[in-house]
Amino acid sequence: MSVVQNMEAIIEVKNLDLYYGDFQALKKIDTSIEKNKVSALIGPSGCGKSTFLRTLNRMNDLISGVTTKGEVTFEGREIYDQDLDVVALRRKIGMVFQKPNPFPKSIYENVAYGPRRSGVKNKKDLDQIVEESLKEAALWEEVKDRLNKSALGLSGGQQQRLCIARALAMKPQVLLMDEPTSALDPIATNRIEDLITQLKEHYTIVIVTHSMHQAARISDKTAFFLMGELIEQGDTDKIFTTPRDQRTEDYVTGRFG
Amino acid sequence: MKGILLSILTIVKPRGESVSPRKKLENSSWNLTKSYKNRIREFLIEKIIFILGITALLIMGLIFVFLIQTGIRLFEDVSLGQFLFGREWYPNATNARFGILPMIVGSIMVTMGAILISVPIGIGSAIFIAEVAPPKTKTVFKLTIEFLSAIPSVVLGFLGIVVLSNWVRISFNLSSGFTVLTGSIVIALMALPTIISVADDAIRALPGEYREASYALGASKWETIKNVLLPAASSGIIAGVMLGVGRAIGETMAVMMVMGNAVQIPSTYLESGRTLTATIAAEMGDTVRNGTHYNALFAIGVVLLIMTSVINTISEWVLHRAQREGK
Amino acid sequence: MVNTVNEKNMEMKRDRQKKIREKLMFGLFTLCMLAVVIPTLLIIGFIVVKGIGTVNWSFLTEMPRMGMKEGGIFPAIVGTLYLVLGTIIFSLPLGVGAAIYLTEYAKQGRLTRLIRIAVLNLAGVPSVVYGLFGLGLFVFFMGFGSSILAGSLTLACLILPIIITTSEEAIKSVPDSYREASLALGASKWETIARVVLPLAIPGIMTGGILGIGRAAGETAPILLTVAAFFIPRLPGSVFDQVMALPYHLYIVSTQVPGMPESIKYGTALVLLGVVGVFFAFATIIRLKFKQMSHLD
């Protein structure tokens, strides 16, 4: 597969295989993620797109029986190296999950959680981080008067933006989003999509989505996965208008499961 | 070493006031290589948790080692046959005898009696809780049963002395109410919560389709319970009964207080008897460390440990199998 | 025509018999249940009624006098509290640590299986065997003598399986999504456990802990061999001292001292039952609250 090697690539993946026990979930993935762009990963469920996303911040480490082969580099550093600090890596590559999962703590404590773990103790610094992050996630105006209330009292959409703010608090380079709007209503989905477009100015975003419309609306690059293989990737408009592979065409035109 | 020093230095280094806290955060974790500090920390925590994790195993091992190591010394003076099958127990006589057959029989009799009483009642109660009782009643009854299991055995023993033994004496027209039967009744009460809760779990764990399929065939609730649920939950119920047996054999204070503790093989349930557990608890205070009597009590402990371990292992195995079948 | 009517009648009759049989069986089950519940309530009621007249401030706070036939049971209460405190200090960190190991760190394998078997077996070891073990290991081998320390350690071993099992349940009930969220924010595994998992598991751990102490407070056989004193009319000075304890005291006053007044026996039984009951009530309340909370989620 010919990938245009871009000088601005922040993550590069070469020959990546991933197995759950004997089952091969990812086959020979080659791709690169470009800086300050929104990259969408699409494909039918079970195609490996979420699994692939989770290889980028090594969240697959948590599942027993997972083995990976191949190369994944972040800013030129191989992330599956023995002496790589996964904790430090995850501070650089944040993640937002499918279901909003704020901690059952206050809104403030949710955002301050990451910075606290990285040793920020000063109350003033924390206040500043919390405010900046919530502003960046377009949630500040809604919650500034109830920072000490439980995060579980927020609506689903607000909870998801809180999770984004929580990830942004660490000032990561990359933000991984695993179907972040699948549990939300259309209005809340819209707000998150707007937010993603704003965020790409400062962050590199990789988003897994089950909605082709969402991919078309918000992403610059799209990669199509099928049964563990990366079938086609490139500029989003090209993928959606003039796909090279028949299977991609079938999927984006809705002729596919 | 250098790494540790460096990381200490970076912590101590004063921070520039002008840089925003998030910028500092961004810069702080630029080094993606594991620091020595983190490596040592991770390693230590993992090792400490591991040690805590294996304490249960360690204690189980130590229990066996300490009991066997002391108990085995008895056999320098007494043969295993004399110990297990001897009918005479005179630990303090000049010509001391250490036969525990009466106690083995006593323990088995009181346990069997308790099981005969508690199994029908327990299974009936479990069916009532799992299938018949309305939710509110269920909660209240379950709570009562849990409290029953929390009542100290010495309290039940005390009531056995002041109430139950009189009742047994008068009902059966005996000269003394301290009998094996009295022990069995008290132990039955103590084994009931175990039997009920395990059997109740087993019945309720059955998939709803079992009931639906049976009702769809026109079976009544009772027919469904009798023909479908009870057979399907039988392993779980058996496991509950076995756990109850384990609890009954190991029970100490209550039986010691209500059975009269005569060293004899009781010919009926209306005679006094003595259990293995009561012998240890009652006589340890009179022994000299490492004397034959002391060793003999530890040997009894080994016998008890083996009995309960076998019973518990079998019941856990049955329960495990029941859970697998349920899935 | 007649035939079908007859058949219908027969069927109705069979149905009625079925109904009656079902009623009878269910009645029998209700009786079974009552055969458990009524004695339990009678036991509680009997001890409360007979003991309440004795239990007053001076009974709770005075030393026993006249060979324990008069006065209060203060040293036994204090002794039990010391033992309970010691037990929890040893068993809680050990038990919670073991539960963390089993749920968060242990890999499937022979060692983990062995540990689980050990925990299950420990739960079935008779309490008097724990007494022998404590006597051999703590009193003699480690040289603590018959003491609060030896007794607490023995009781800690006894309730360890309860603490491990309940803590494990509590830790397992914390949803994985919280662990993922924390790890994805660059928290280490231990930070995730300490800051996210354990705080959420605390109600469950406390329930187990309190049930465990309730059990420890009522046990007699283990302390009989490792700590309990027949009669010491003063409070312990250090952890190496012997103490009196409520369950052992009840055993003594009800079997070992001839001519003991009934009131002292029932009073002691009521206080012991009360202590255990308070622990039980606490554990139940926490558990019910916790259940409600998880329903809201």
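Here are the numbers for this structure:
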item: Selection status of residue A:192, aliphatic (A, V, I, L, M), within 14 Å of another protein chain (Cβ to nearest Cβ) and either open to solvent by 10 Å² or more (accessible area, probe 1.4 Å) or assigned to a helix (DSSP H, G or I) (or both); result: no
item: Options C:79, C:72, C:97, C:51: the member that is touching a helix residue (DSSP H, G or I) at 6+ places or on another chain (Cβ under 7 Å), away from chain B (no Cβ under 14 Å) and of a type in the set (Gly, Ala, Ser); result: C:72
item: In the stretch A:76-117, residue nearest to the other protein chains (Cβ to nearest Cβ) [restricted to those that are among the hydroxyl-bearing types (Ser, Thr, Tyr) and over 27 Å from residue A:52 (Cβ atoms)]; result: A:106
item: Count - residues of the stretch C:102-136 that are without any contact (Cβ under 8 Å) to a residue 12 or more places away in the chain, in a helix (DSSP H, G or I) and facing chain B (nearest Cβ under 7 Å); result: 7
item: The stretch B:51-62, subset open to solvent by less than 70 Å² (accessible area, probe 1.4 Å) and of a type in the set (A, V, I, L, M, F, W, C), residue farthest from residue C:123 (Cα to Cα); result: B:52
item: Residue under evaluation residue A:71, criteria (1) surrounded by 15 or more Cβ atoms within 10 Å (Cβ to Cβ); (2) touching a residue at least 40 places away in the same chain (Cβ under 8 Å), criterion not met; result: (1)
item: Residue under evaluation residue C:66, criteria (1) buried (at least 20 other Cβ atoms within 10 Å of the Cβ); (2) closer than 16 Å to residue C:233 by Cα, criterion not met; result: (1)
item: Those residues of the stretch C:147-177 which are open to solvent by 20 Å² or more (accessible area, probe 1.4 Å), out of contact with any Ser or Thr (no Cβ under 7 Å at 6 or more places or on another chain) and part of a helix (DSSP H, G or I), in sequence order; result: C:149, C:153, C:162, C:165, C:169, C:176, C:177
item: Neighbours by Cβ (under 6 Å, 6+ apart or cross-chain): first from the stretch A:192-211, over 19 Å from residue A:182 (Cβ atoms); second charged (D, E, K, R) and outside any strand (DSSP E or B); result: A:204/A:35
item: Set A:137, A:112: member being in contact with a Cys (Cβ under 9 Å, 6 or more places away or on another chain) and either within 30 Å of residue A:22 (Cβ to Cβ) or open to solvent by less than 10 Å² (accessible area, probe 1.4 Å) (or both); result: A:137
item: Helices (runs of 4 or more DSSP H) (entirely within the stretch B:113-177) containing at least 2 residues that are within 19 Å of residue B:240 (Cβ to Cβ) and facing chain C (nearest Cβ under 8 Å); result: B:135-150
item: Residues of the stretch B:91-112 satisfying the condition of being assigned to a loop (DSSP other than H, G, I, E, B), touching a residue at least 60 places away in the same chain (Cβ under 8 Å) and either out of contact with any Asp or Glu (no Cβ under 9 Å at 6 or more places or on another chain) or surrounded by 24 or more Cβ atoms within 10 Å (Cβ to Cβ) (or both); result: B:100
item: Wholly within the stretch B:227-327, helices (runs of 4 or more DSSP H) carrying at least 1 residues that are more than 30 Å from residue B:94 (Cβ to Cβ), open to solvent by less than 50 Å² (accessible area, probe 1.4 Å) and of a type in the set (Val, Ile, Thr); result: B:234-250, B:253-258, B:292-326
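Rundown of residues vs (1) over 25 Å from residue C:94 (Cβ atoms); (2) surrounded by 14 or more Cβ atoms within 10 Å (Cβ to Cβ), yes/no style:
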residue	(1), (2)
B:64	no, yes
B:78	yes, yes
B:85	yes, no
B:89	yes, yes
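The values are calculated or read from the model by the stated rules, or taken from the named source; none is laboratory data. Everything numeric in this text was worked out from a predicted model, so none of it was measured. Note that we place each Cβ from the backbone using ideal geometry, even for glycine, and neighbour counts take in every protein chain shown. For the accessible areas, the whole protein counts, side chains as well, though only heavy atoms, and no ligand, DNA or RNA atoms are used. Shrake-Rupley method; radii C 1.70, N 1.55, O 1.52, S 1.80 Å.
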